[in-house]
Amino acid sequence: MRTLRWKLVIYAYALAILVGRGAVESFAVPMLIGIVVAASSSVFIAAPILLFLGDWRARRRAATAALAAEAPARSPGDAGAAHG
C-alpha cells in the first residue's frame, strides 16, 4: 500500500510539472512513463517471486515432515543413555 501511495504522489507531482512551464517540463513525460513501467514491473516481478517462495516453503515443510516421520522415535531420557 505504501508503494502505491508514493507512486500516486510522484505521479501527481509529475502531472503538475507537465502542466507548468519551464525547463523541467520535458522531463515530466519520461518521469510519468517511468512511474507506470515501475508500477507494472513491480507487480509482474513480485507476484512470481511470491508464488515461488510459497511453493518452496510447502516443499520444505513436506520434506521436514517426511524426515521427522522416518526418524526413530526417542524419548527425552534416551539422549543421556547414549552417551553413557
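May I ask you to say which residue of 2, 21, 74, 59 is basic (Lys, Arg) and either modelled with pLDDT of 85 or more or at positive phi (or both)? Working first, answer last.
On the way: 2 fails: either modelled with pLDDT of 85 or more or at positive phi (or both); 21 fails: either modelled with pLDDT of 85 or more or at positive phi (or both); 74 fails: either modelled with pLDDT of 85 or more or at positive phi (or both).
Just one listed residue meets the conditions, 59.
In the stretch 23-31, the count of residues that are loosely packed, with under 10 Cβ neighbours inside 10 Å, without any contact (Cβ under 8 Å) to a residue 60 or more places away in the chain and of a type in the set (Gly, Ala, Ser) is one or more.
The values are calculated or read from the model by the stated rules, or taken from the named source; none is laboratory data. Worth saying up front: this structure is predicted, and the values here are computed from it rather than measured. A quick note on method: Cβ atoms are made from the backbone with ideal geometry, for glycine too, and the neighbour counts reach across all protein chains shown.
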